[in-house]
Amino acid sequence: MTDVLISSDSHVDEPLELWSERLPRALRERAPRREHRPDGTYMVVEGIRPRRLSGPGEERVSEAEHARRPGGADPAARICDLDEDGIAGEVLYPTIGLFIHNIPDGALQQACARVYNDWLAEVFSQSSKRFAGVGLVSVVDLPAAEAEIERIHGLGLRGAMLPINPPATRPYNSPEYDPVWARAAALGLPISFHVGTGTDPVFERGPGGACINYVMVGLGAQKTMTYLAASGVFERHPDLHCIMVECGAGWLAWTMYMMDEAFSEHARWVHPKLRMKPGDYVRRQGHVTFGNDPAGISNLHLTGPDAILWATDYPHPEGTWPHSRAVVARLFAEVPADARRSIVGGTTARLYRFDA
Ligand code: MN
């Protein structure tokens, strides 16, 4: 099998000192940062629970941190890993940056996003076209969001990332976002929404917590996809593409079906009256990323192949590196070759403008 594999969801590991070094001086004390406390070393980001990196007296970061691939922050090492795994290109998301949208102070949030975007462009986008960097765009100020989309496009980033959970005061069916959608569509930048970003972080600590959190964190994808399709965002912006990231694919067919059922069976209450069914807009402009989700593959006849995008989630331990080709061969054993090629790289190449 010689399919071109492109990962629609991979991650970089930002240097822990990135924001302490690069934020404007007045904001540096409040930077996302490494903090040494009596019981260990923590990563501290305003608005979220501090994340422990290592225990008291440990020089090194924790085993999980230590096991990370150097390719997380080093593009040359990363290219070697891609070649070893048979991956032609990747769409890049942050790690610490995933929490930036949770910072309560808007000015700090925007400044942190700009620092990340500059670093991503300098280190990865400028080193190889095999990396499609996705910039962080804050939605606390929508004219500023438009300007940042324009700026990251100029930096060579190839997508924009908004929080999957929007601020409670401004859900994604609000027409206030229209200039943002229009700007991204005009520039050909897809907008993506990574699971776990924005308000409402899921932290169940009781019985079942780990499994509960893993499933619950994906529900933001169902909600945001539904808001965009049902409210007419895709109809008003036919060139806009939106991607729900790391949420799996099995839920998508069901969500499309439920929207369509409401649209036809409860038509009296439906507004706006879209020209097509909501599910048809998802099929045309909506996408979800998954690594290993047999339910998503089984539903291909319902979602169509363009809606689902395969990903490695490199360098995360639950990702498919360095066995991606074997995983793809197994996962797509029953899928026709043309659909398989679209899912494992073709659609991602088109969305993020990878060279053929
Ligand atoms: Mn991811």
query = At ARG49 and GLU318, where each label point lies 7 Å from the Cα along Cα→Cβ, what is the point-to-point distance in nanometres?
reply = 1.6
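For segment 213-336, what is the relative contact order in percent, using Cα pairs closer than 8 Å and at least 6 residues apart in sequence? If you can, show how the numbers build up before the last one.
Numbers: 152 pairs, mean separation 32.2, N = 124.
The normalised contact order for segment 213-336 reaches 26 percent.
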ask   = Out of SER20, GLY286, ASN102, whose Cα points farthest toward the positive end of the dipole of the chain (charges: +1 Lys, Arg; -1 Asp, Glu; placed on Cβ)?
value = GLY286
request  = Run the quick spin-label model on ALA76 and MET258: label points 7 Å from Cα toward the beta carbon, then report their separation in nm to one decimal.
outcome  = 5.0
query = Taking the inverse of the average 1/r across all pairs of different Cα atoms in segment 1-143, what Kirkwood radius in Å do you get?
reply = 16.4
ask   = Along each of its three principal axes, how wide is the spread of alpha-carbon positions in the chain, in whole angstrom units, largest first?
value = 62, 48, 48
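For the chain, what is the mean residue ellipticity at 222 nm derived from helices alone (per DSSP H run of n ≥ 4: -39500 (n - 2.57); sum divided by total residues; nearest 500 deg cm²/dmol)?
Working: 16 runs with 132 residues, N = 356.
After summing the helix terms and dividing by the residues of the chain, the value is -10000 deg cm²/dmol.
With +1 on each Lys and Arg Cβ and -1 on each Asp and Glu Cβ, how big is the dipole of the chain about its Cα centre, in debye rounded to the nearest 20?
Details: 36 positive and 45 negative charges, 111 e Å.
The calculation lands at about 540 debye.
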query = How many nm is it between the label spots at GLU84 and ALA326, if each spot is 7 Å from the Cα in line with the beta carbon?
reply = 1.4
request  = Name the lysines eligible as straight-distance cross-link partners of LYS223: C-alpha to C-alpha under 30 Å, and not fewer than 8 places from it in the same chain.
outcome  = LYS273, LYS277
remark   = Candidate cut points under chymotrypsin sites (Phe, Trp or Tyr not before Pro) in segment 129-212, DSSP loop plus at most 13 other Cβ atoms within 10 Å of their own Cβ, are PHE203
task = Could you work out which residue, out of PRO305, PRO315, PRO143, moves most in a Gaussian network model of the chain, that is, has the largest mean-square fluctuation with Cα springs under 10 Å?
result = PRO143
ask   = How big is the charge dipole of segment 184-254 about its Cα centre, in debye rounded to the nearest 20, if each Lys and Arg gets +1 on its Cβ and each Asp and Glu gets -1 on its Cβ?
value = 80
inquiry  = In the chain, if the dipole is taken from +1 on Lys/Arg beta carbons and -1 on Asp/Glu beta carbons about the Cα centre, which of PRO238, THR312, PRO190 is farthest to the positive end?
reply    = PRO238
request  = Starting at the first residue of segment 36-49, write each ³J(HN,Hα) from the Karplus equation 6.51 cos²θ - 1.76 cosθ + 1.60 with θ = phi - 60°, in whole Hz, x for Gly and Pro.
outcome  = 8, 10, x, 9, x, 9, 10, 9, 10, 10, 4, x, 10, 4
inquiry  = What are the ³J(HN,Hα) couplings of segment 329-335, residue after residue, when phi is run through the Karplus curve with 6.51, -1.76, 1.60 and θ = phi - 60°? Round to Hz, x for glycine and proline.
reply    = 4, 6, 5, 9, 3, 9, 8
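What's the longest uninterrupted piece of the chain once you rule out the trypsin sites (Lys or Arg not before Pro) that are loop residues per DSSP with at most 11 other Cβ within 10 Å? Write down the numbers at each step before the final one.
Details: sites that count: ARG60, ARG205, LYS273, ARG275.
Longest run free of exposed loop sites: 61-204.
Over the chain, what is the relative contact order in whole percent, taking alpha-carbon pairs under 8 Å and six or more residues apart? Walk me through the numbers before you get to the answer.
Numbers: 652 pairs, mean separation 65.3, N = 356.
Normalised by residue count, the contact order of the chain is 18 percent.
How high is the FRET efficiency from ARG268 to ASP178, r the C-beta distance, R0 41 Å, rounded to 0.05? Display every interim value, and only then the final one.
Values: r = 26 Å, r/R0 = 0.64.
With R0 = 41 Å, the Cβ-Cβ based efficiency is 0.95.
When the expected Rg is taken as 2.2 N^0.38 Å, what fraction or multiple of it is the alpha-carbon Rg of segment 172-256?
Details: Rg = 14.5 Å, N = 85, 2.2 N^0.38 = 11.9 Å.
Computed over Cα atoms of segment 172-256, the ratio equals 1.22.
Please work out whether segment 65-106 counts as rounded, prolate or oblate from its C-alpha gyration tensor, where a ≥ b ≥ c are the square roots of the eigenvalues and a/c under 1.5 means rounded, while otherwise a/b larger than b/c means prolate and anything else oblate? Could the numbers behind the result be given before it?
Numbers: a/c = 3.67, a/b = 2.18, b/c = 1.68.
It comes out prolate by the Cα gyration axes.
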request  = Summarise the accessible area of the chain (1.4 Å probe, protein heavy atoms) by the percent that is carbon and sulfur.
outcome  = 56
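Given a Förster radius of 41 Å and the C-beta distance between MET216 and THR2 as r, what FRET efficiency does 1/(1 + (r/R0)^6) yield to the nearest 0.05? Display every interim value, and only then the final one.
Working: r = 39 Å, r/R0 = 0.95.
So the FRET efficiency works out to roughly 0.55.
Work out the length of the dipole vector of segment 232-356 about its Cα centre, built from +1 on the beta-carbon of each Lys and Arg and -1 on the beta-carbon of each Asp and Glu, and round it to the nearest 20 debye. Write down the numbers at each step before the final one.
Numbers: 13 positive and 14 negative charges, 66 e Å.
Roughly 320 debye, rounded to the nearest 20.
The values are calculated or read from the model by the stated rules, or taken from the named source; none is laboratory data. Keep in mind the model is a prediction, meaning the values are calculated, not measured. Ideal geometry is used to build each Cβ from the backbone, glycine not excepted, and the neighbour counts take in all protein chains shown. To get the accessible areas, we keep the full protein, side chains included, count just its heavy atoms, and leave off ligands, DNA and RNA. Shrake-Rupley method; radii C 1.70, N 1.55, O 1.52, S 1.80 Å.
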